[in-house]
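Report on the structure given below.
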Amino acid sequence: MKKKKWPLFLFFAILAAGILGSVMILRQPRSRQVEILRDGEILYSIDLDLAEDQILVIEYGGSSNTVEIRDHRIHMKEAECPDQTCVEMGWLESGMPIVCLPNHLIIRFAEQDGGVDSVVG
């Protein structure tokens, strides 16, 4: 009796797609343009290749986040939030943004495709 091979093929195809998707999300972006956003509004747009070393203190609802730019890299140096996840994320180096949920702050590489995110009619 001959066994069907398609379930095994399907399993490996899904596994390969998942691995490829993860690599695409975490890859180093082509852009060195970084955005710091709060509630979808861009507070800062910074070209890391041209940026001087600096500290940005960003206030929100009685607390603050301290963002450090050093050696053309950026990270959340300090945050007045309970979990400190954003600080523990380290330097922004991949497509994964640094997010401080309690303070509604996001640090991410800017989009380079110039595409439309959404259309409102």
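Scanning for something modelled with pLDDT of 90 or more, acidic (Asp, Glu) and open to solvent by less than 90 Å² (accessible area, probe 1.4 Å), does region 31-47 turn up at least one residue? There is at least one residue in region 31-47 that is modelled with pLDDT of 90 or more, acidic (Asp, Glu) and open to solvent by less than 90 Å² (accessible area, probe 1.4 Å). Only residues that are in a strand (DSSP E or B) and either in contact (Cβ under 8 Å) with a residue 40 or more places away in the chain or among the basic types (Lys, Arg) (or both) were counted across region 44-69, and they come to 6.
The values are calculated or read from the model by the stated rules, or taken from the named source; none is laboratory data. Computed from a predicted model, the values in this text were never measured in an experiment. Glycine gets a Cβ as well: all are built from the backbone with ideal geometry, and neighbour counts include every protein chain shown. Heavy atoms of the whole protein, side chains included, go into the accessibility calculation; ligands, DNA and RNA do not. Shrake-Rupley method; radii C 1.70, N 1.55, O 1.52, S 1.80 Å.
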